[in-house]
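Enquirer: I have a structure I would like to understand better, so I am pasting it below and will then ask my questions one at a time.
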Amino acid sequence: MRVAVPARWARVLARRRRLISAVLLGLALAGTLVSVRAPSGVAVLVAARDLSGGRLAASDLVTVRLPSSALPDGYLVAGSAVAGKVLTAPARRGEVLTDARLLGGGLLAGNAPGLVATPVRIEDADAAGLVTSGDVIDVLAAYETHAETAAQRVTVLTKAQSEEGGLLVLATTTGQATSLARAQASARLSFAIHPR
């Protein structure tokens, strides 16, 4: 269906077609320049994949640009030195990394005063793989004749796994550390995870 253009407008368009073409070409060029200019936003570090917590490697993070209005407080900009630092809890792929998610100034930074970092070896590597930094657990000691709780409600600071089992570093009181040392000497250790 053809739309009839009044004769008066047809004459105006015909006389001004070069000007109209130049304006349209200018708008197209401006649109192209806007689309290829330098990306806007802040370059920040995000998780490259789902992370379980623990010590970070450079490959665990990628840089993306996000608008500053979409960023949480304490976000880490691209180039921040985070390799080797400890992520306190799991992070999803694409999650912006913040200073609150990293342990700083030692394993016990941010924990209650009076706590100590206590390493505990769990023989079952698969079981040790179930916990992440920030989990709260009870450590159980299985002796030949009985089982008991060696430490209650202790927080996992970090972990390391090998074929021999898993090494959990826990935030404990000195009394809990003594109880765990005693249990490790003659019992098989396991744990129960408290809900978050």
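Since every read-out is calculated from the coordinates, none of them should be taken as a lab result. Fair warning: this is a prediction, and the values are worked out from it, not measured in the lab. Virtual Cβ from ideal backbone geometry, glycine too; neighbours counted across all protein chains shown.
Enquirer: Order the peptides 128-136, 78-86, 186-194 from the highest to the lowest mean number of other Cβ atoms within 10 Å of their residues. Please report the intermediate quantities before stating the final value.
Expert: Values: 128-136: 18.8, 78-86: 13.6, 186-194: 15.9.
Ranking, from highest mean packing down: 128-136, 186-194, 78-86.
Enquirer: A follow-up question, please. What size of dipole, in debye to the nearest 20, comes out for segment 56-196 about its Cα centre when the only charges are +1 on Lys and Arg C-beta atoms and -1 on Asp and Glu C-beta atoms?
Expert: Numbers: 11 positive and 13 negative charges, 85 e Å.
It comes to approximately 400 debye.
Enquirer: So for segment 137-196, averaging the separation of alpha carbon pairs under 8 Å that are six or more residues apart and normalising by length, what relative contact order in percent results? Intermediate results must be reported in sequence, preceding the final value.
Expert: Details: 89 pairs, mean separation 26.1, N = 60.
Relative contact order here is 43 percent.
Enquirer: Follow-up. Between Val62 and Ala100, what FRET efficiency follows from the Cβ-Cβ distance if R0 is 22 Å, with the result rounded to 0.05?
Expert: Values: r = 20 Å, r/R0 = 0.90.
Computed FRET efficiency for Val62 and Ala100: 0.65.
Enquirer: A further question on this structure: Just to check I understand the Karplus step: with θ = phi - 60° and J = 6.51 cos²θ - 1.76 cosθ + 1.60, what whole-Hz values come out for segment 166-179, glycine and proline as x?
Expert: x, 9, 9, 9, 10, 8, 10, 7, 5, x, 5, 4, 5, 4
Enquirer: Shifting gears a bit: Under 17 Å from a point 7 Å along the Cα-to-Cβ line of Thr145: which residues of segment 180-196 have their amide N that close?
Expert: Answer for segment 180-196: 183, 186-188.
Enquirer: For a paramagnetic label modelled at 7 Å from the Cα of Arg93 toward its Cβ, which residues of segment 47-67 fall within the zone defined by backbone nitrogen distances under 20 Å?
Expert: Residues passing the 20 Å test: 47-54, 56-66.
Enquirer: For the peptides 47-57, 167-177, what is the packing order when you average, over each peptide's residues, the other Cβ atoms within 10 Å and list the highest mean first? Walk me through the intermediate numbers first.
Expert: Values: 47-57: 16.9, 167-177: 18.5.
Order by mean packing, descending: 167-177, 47-57.
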